[in-house]
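To start, the structure itself, in structure tokens.
The values are calculated or read from the model by the stated rules, or taken from the named source; none is laboratory data. Everything numeric here is computed off the predicted structure, so don't read it as measured data. Neighbour counts run over all protein chains shown; Cβ positions are idealised from the backbone, glycine included.
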Amino acid sequence: MKRLKKDNVVSFLKEMNKKEKVFCPQSVDGRDLMFMPLEEGVYTGNIGKTTISAKTVLFPQTEEILSFTEKSISKTIDASKTLLFGIRPCEMKAIQFVDQFMTRDNFIDPHYQSRREKVTTIAIACHEPPSDTCFCVDAGGMPYLENGYDVQLFDAGDYYMALSGSEHGEEILANKYFEKGDEEDKERLEEIKNKALHSQKNSPGMQKAIEILRENKPDEAFWEGLADRCINCGGCVYVCPTCTCFNVYDLPSQGGHIRCRSWDACVHAGFTRETSGHNPRPTQGSRLARRHEHKLKFDIVNFKESGCVGCGRCSDTCPVGLGAIEIIQELNAL
Amino acid sequence: MTNSIQEFEEAEVFFVIGSNTTEQHPMIATRVIEAVRKKNAKLIVADPREIKLAKLATLHLKHRIGSDVALLNGLMHIILEEGWEAKDFIKARTENFEQLKGIVAKYTPEKVTKITGVDRDSLRKAAEIYAKAKRSMIVYAMGITQHIAGTDNVKSCANLAMLTGHVGHPSTGVNPLRGQNNVQGACDMGALPNVYSGYQPVTDPKAKEVFAKEWGVSDLNGKVGLTLTEMIDGAERGDIKALYIMGENPLVSNPDARHVARALRKLDLLVVQDIFFTETGRLAHVVLPAASFAEKMGTYTNTERRVQLSREAIPPLEGTLPDWKIICEVCSRAGYPMNYNSPIDILDEINRVTPSYAGITYGRLKHSWGLSWPCPNEDHPGTPFLHKDKFARGAGAFDAREYIPPAEPPDEEYPFTLITGRVGFQFHTGTMTRKASILEREAPNAVLEMNPRDARRLKLIDGGTVAVESRRGEVHLPVAVTSDIPETVVFSTFHYSEKNINELTVCAIDPVAKIPEFTCAVSIRRI
């Protein structure tokens, strides 16, 4: 275990930035906190909870996937060495979830995978919930990580305690900015972990909601009632760290065309509408049902864990209270 | 809007009339929805269609199309009869109350039910809910204004608010929702035939002098110009020889599209300035390619009168210029050298000649989320809600209006009433939104919404094609059968130039505002 003084974080990141692209939570002029390339003077040390998760780095909102002319076609791979600094445990869990999805049945998404392979993760455990809508513990997670990270930092006031979780992590901890701690650090770490576990007050009851969905309790009226207030903006999907659905389209480009993909959302009617015009999810209620059943029911069947990590971003974003927290509460009230 | 958007959160009652808020102003709708859900605010929706907001309403008044004045007068009649009016407010802050009393006295519940189709109990309930709450808000949009009685409708909304004292305080007022990000700003800047910026009349010698001095000219023409609908008519008559259209696609958005096409073809010169090559642009002699919002800096004034700074995110594409630069170039070549260095220069000028914008300076906008006018000086915080202690004109003048029927009621030959509107995923004539794949996928084509009973009568199934015919044209559309629309009324959208519903609509105009009615009578046959 090592220590990284908070005063040294910027110097450390600047040094890392020479070799790889560093992304960390930053906010421009007091606007939304986002994962952005490190910019001196913008990074304030506030890790908080970004409005959109770190998935923007691994799976950008819009990306070119291939280019073609009448005669040729070539895959577009745009990946470079990247350091993700300041991702939260729930996001790391989400990345692990997406890793499974993007490589399922040996069908590997080359664009995601090429970026993923080049990403180093420095997670920061939540010694207290970054926002009121955090419910990772209720969602079966923890405010710190057991595995999956390269480096995990724990906030100990003026400094972070640093653990490595991989070989690459070991190399990072060898950096001069990481200093040796003292004998009591181990104890201190347990104390922080324990405090973190008990500091989360928000527990909407996800396990019970999963049971209720498994029993097929919610009927059409339940979902249509909720849908009456849905404005169909797709915000819940776009901010979700485990949502990876996309739409593909072609655009003209110099001398040929490029094929791009952009985030899509299952709450939109056209997402499931078939060419004939038939839509297996014909109403907004049925689409809301699909979304939440997917996360809390079918993901468990497919991946043995729910697709909701309890980050609460959808509840932060939805203007009419239809985020995961509210849906779980509504399900619990059935 | 007399209120600011945030004030919606604290309103106790919403009276939404002629606004499909969820589809057209979703971020305002969310505040209504949340106030209803979390704070038990009451919601009255007056709309012939069961719009999405109606599903959450305490009370849905399905009044007949074009019967708004009768409905509003009817509510005022009940309020006066029950003594629910704000007596102190009327005495202290209004005038011409006797005129109002005289007219609304005639709008008895019996008469109003006959005109509007709304039953007596619902009328009474709506009047009671609206009048008795402390913070009631009227919310309206084009469903109020786009009528030959549009001005009367707006006046009746204002009468209702004044009668109950529901204006001049936070979270209570009259809130017309502006449909575009800067339509308020365009009006504020004098993009109207009769005023300079800040609604200073062109006929006022003092205002004329201010602007002549600012622009370094000896005199300015004090004649009131023409409105859009009058210009099109003038072009068809041959009185108008040249039109310069910026960021508008009247060939698709104006009523009676064939008439518009005829008129535009008669012009000696048609100039169209837009970011995309529009249907109107195809008829132009000169097309001036403009830069989009992301490629320029400037300010927008939104529906709550808030002026906000917008910055250039990317430089203009090759061959395009920001609108302000195009205008400067055209003016300079026409013999009036116009030499602004940047939009900041233009804002400085706006500050000098527009009293309500005097304090909305670049320096302040740069470091804020914007300022709402009136903002008379740099120390002024801006004005979230209007008419606090007195109205702009002093006393609020009641001006009750009589109901007049729509211009083109259905008859034997054309038995359906066609209303037009928009859906949330497309904007206006689709110039921009139809180029975004996911938006286009959500709403790819025009449909004709029809009540199941009408569909059965015409032997139509959902998705079947019909010919919709009015006195002006014929359009073929697939039918979408829905009980959200009343019998003998059909609805379609005007986003799709290939099925231009405005070839059917009527250009009957309000005598004051010259706004067209659109709503017209049509016949429908299966094909």
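Yes or no: the range B:333-350 includes at least one residue that is in a loop (DSSP other than H, G, I, E, B), buried (at least 17 other Cβ atoms within 10 Å of the Cβ) and in contact (Cβ under 8 Å) with a residue 12 or more places away in the chain. No; the residues of the range B:333-350 include none that is in a loop (DSSP other than H, G, I, E, B), buried (at least 17 other Cβ atoms within 10 Å of the Cβ) and in contact (Cβ under 8 Å) with a residue 12 or more places away in the chain. Could you tell me whether any residue of the range B:452-459 is at pLDDT 95 or above, in contact with a Lys or Arg (Cβ under 7 Å, 6 or more places away or on another chain) and surrounded by fewer than 22 Cβ atoms within 10 Å (Cβ to Cβ)? Yes, that holds for at least one residue.
Scanning the range B:425-446 for residues that are touching a residue at least 24 places away in the same chain (Cβ under 8 Å) and within 13 Å of chain A (Cβ to nearest Cβ) returns B:Q426, B:K435, B:A443, B:N445.
Only one entry in B:L100, B:L72, B:L163, B:L123 is farther than 20 Å from B:F391 by Cβ and not acidic (D, E), namely B:L123. Of the residues making up the range B:158-184, those that are within 27 Å of B:R422 (Cα to Cα) and either free of Cβ contacts under 8 Å to residues at least 60 places away in the same chain or surrounded by fewer than 24 Cβ atoms within 10 Å (Cβ to Cβ) (or both) are B:A158, B:V174, B:P176, B:L177, B:R178, B:G179, B:Q180, B:N181, B:N182, B:V183, B:Q184.
For A:L213, the stated conditions hold: it is in the same structural domain as A:G312 (by TED's automatic domain parsing) and in a helix (DSSP H, G or I). Filtering the range B:215-265 to residues that are of a type in the set (G, A, S), modelled with pLDDT under 95 and touching a Lys or Arg at 6+ places or on another chain (Cβ under 8 Å) leaves only B:G222.
Among the residues of the range A:306-323, is any more than 21 Å from the chain's Cα centre (by Cα) and either over 17 Å from A:C136 (Cα atoms) or in contact (Cβ under 8 Å) with a residue 24 or more places away in the chain (or both)?
If we filter the range A:306-323 for residues that are more than 21 Å from the chain's Cα centre (by Cα), which is where we start, we get A:320.
From what's left, either over 17 Å from A:C136 (Cα atoms) or in contact (Cβ under 8 Å) with a residue 24 or more places away in the chain (or both): A:320.
The answer is yes; a qualifying residue exists.
Only residues that are surrounded by 15 or more Cβ atoms within 10 Å (Cβ to Cβ) and either assigned by TED's automatic domain parsing to the domain that holds B:L504 or over 15 Å from B:I515 (Cβ atoms) (or both): list them for the range B:240-257, please.
Going residue by residue through the range B:240-257, those that are surrounded by 15 or more Cβ atoms within 10 Å (Cβ to Cβ) are B:240, B:243, B:245-257.
B:I240, B:L243, B:I245, B:M246, B:G247, B:N249, B:L251, B:V252, B:A257 - these are the residues of the range B:240-257 that are surrounded by 15 or more Cβ atoms within 10 Å (Cβ to Cβ) and either assigned by TED's automatic domain parsing to the domain that holds B:L504 or over 15 Å from B:I515 (Cβ atoms) (or both).
Of the conditions (1) at pLDDT below 95; (2) touching a helix residue (DSSP H, G or I) at 6+ places or on another chain (Cβ under 7 Å), A:C236 satisfies every one except a single condition; which number is it? It is condition (1) that A:C236 fails.
Would you check if B:I44 is outside any helix (DSSP H, G or I), touching a Phe, Trp or Tyr at 6+ places or on another chain (Cβ under 8 Å) and either farther than 21 Å from B:T482 by Cβ or within 14 Å of chain A (Cβ to nearest Cβ) (or both)? Criteria met by B:I44. Scan the range B:53-67 for residues that are more than 13 Å from chain A (Cβ to nearest Cβ) and aliphatic (A, V, I, L, M) and the total you get is 3. Selection of the range B:300-316 for residues being in contact with a helix residue (DSSP H, G or I) (Cβ under 7 Å, 6 or more places away or on another chain) and without any contact (Cβ under 8 Å) to a residue 40 or more places away in the chain yields B:S310, B:E312, B:A313, B:I314, B:P315, B:P316.
Condition check for A:W263 on (1) in the same structural domain as A:I124 (by TED's automatic domain parsing); (2) closer than 30 Å to A:F101 by Cα: one failure, at (1). If you take the residues in the range A:273-284 that are away from chain B (no Cβ under 11 Å) and surrounded by 14 or more Cβ atoms within 10 Å (Cβ to Cβ), which one is farthest from A:K75 (Cα to Cα)? By that ranking, first place goes to A:T283.
Filter the range A:298-311 for residues that are buried (at least 18 other Cβ atoms within 10 Å of the Cβ) and either under 24 Å from A:F271 (Cα atoms) or of a type in the set (A, V, I, L, M) (or both) and give the result.
Within the range A:298-311, A:D299, A:S306, A:G307, A:C308, A:V309 qualify.
Taking (1) more than 12 Å from chain A (Cβ to nearest Cβ); (2) assigned to a loop (DSSP other than H, G, I, E, B) in turn, B:E50 satisfies each apart from (1).
Among the strands (runs of 3 or more DSSP E) confined wholly to the range A:58-148, which include 2 or more residues that are closer than 20 Å to A:C24 by Cβ and in contact (Cβ under 8 Å) with a residue 60 or more places away in the chain? Let's see the steps before the verdict.
Values: elements: A:62-68, A:73-75, A:82-87, A:119-124.
In the range A:58-148, the matching strands (runs of 3 or more DSSP E) lie at A:82-87, A:119-124.
A residue that is in contact (Cβ under 8 Å) with a residue 60 or more places away in the chain, in the same structural domain as B:E329 (by TED's automatic domain parsing) and closer than 30 Å to B:R364 by Cβ occurs nowhere in the range B:221-239. Take B:I360 and tell me if it is buried (at least 18 other Cβ atoms within 10 Å of the Cβ), modelled with pLDDT of 95 or more, of a type in the set (A, V, I, L, M) and assigned to a loop (DSSP other than H, G, I, E, B). Answer is yes for this residue.
How many residues does the range A:200-234 contain that are within 14 Å of chain B (Cβ to nearest Cβ) and closer than 18 Å to A:C134 by Cβ?
Quick first cut of the range A:200-234, residues within 14 Å of chain B (Cβ to nearest Cβ) only: A:221, A:223-234.
Add one more test, that the residue is closer than 18 Å to A:C134 by Cβ, and what stays is none.
Qualifying residue count, the range A:200-234: 0.
For A:A333, the conditions (1) free of Cβ contacts under 8 Å to residues at least 12 places away in the same chain; (2) of a type outside the set (S, T, Y); (3) more than 30 Å from A:M142 (Cα to Cα) all hold with the exception of (3). Check the range B:70-85 and report whether any residue there is within 14 Å of chain A (Cβ to nearest Cβ), touching a residue at least 40 places away in the same chain (Cβ under 8 Å) and touching a Ser or Thr at 6+ places or on another chain (Cβ under 8 Å). Within the range B:70-85, none of the residues are within 14 Å of chain A (Cβ to nearest Cβ), touching a residue at least 40 places away in the same chain (Cβ under 8 Å) and touching a Ser or Thr at 6+ places or on another chain (Cβ under 8 Å). Applying the condition of being surrounded by 15 or more Cβ atoms within 10 Å (Cβ to Cβ) and outside any loop (DSSP other than H, G, I, E, B) to the range A:235-248 and asking which residue is farthest from the other protein chains (Cβ to nearest Cβ) yields A:V239.
Of all residues in the range A:144-163, those being under 21 Å from the mean Cα position of the chain (by Cα) and of a type in the set (S, T, Y) number 2. Taking the criterion of being of a type in the set (A, V, I, L, M, F, W, C), more than 11 Å from every other protein chain (Cβ to nearest Cβ) and over 15 Å from the mean Cα position of the chain (by Cα), the residues of the range B:1-34 that qualify are B:I5, B:F8, B:A11, B:V13, B:F14, B:F15. Taken over the range A:10-30, the criterion of being aliphatic (A, V, I, L, M) and either in a strand (DSSP E or B) or within 21 Å of A:E167 (Cα to Cα) (or both) is satisfied by A:L13, A:M16, A:V22.
Of all strands (runs of 3 or more DSSP E) completely enclosed by the range B:447-505, which ones contain at least 1 residues that are closer than 17 Å to B:Y414 by Cβ, in contact (Cβ under 8 Å) with a residue 60 or more places away in the chain and within 28 Å of the chain's Cα centre (by Cα)? Show your work before the answer.
Working: elements: B:448-450, B:465-469, B:474-481, B:489-493.
Result: B:448-450, B:489-493.
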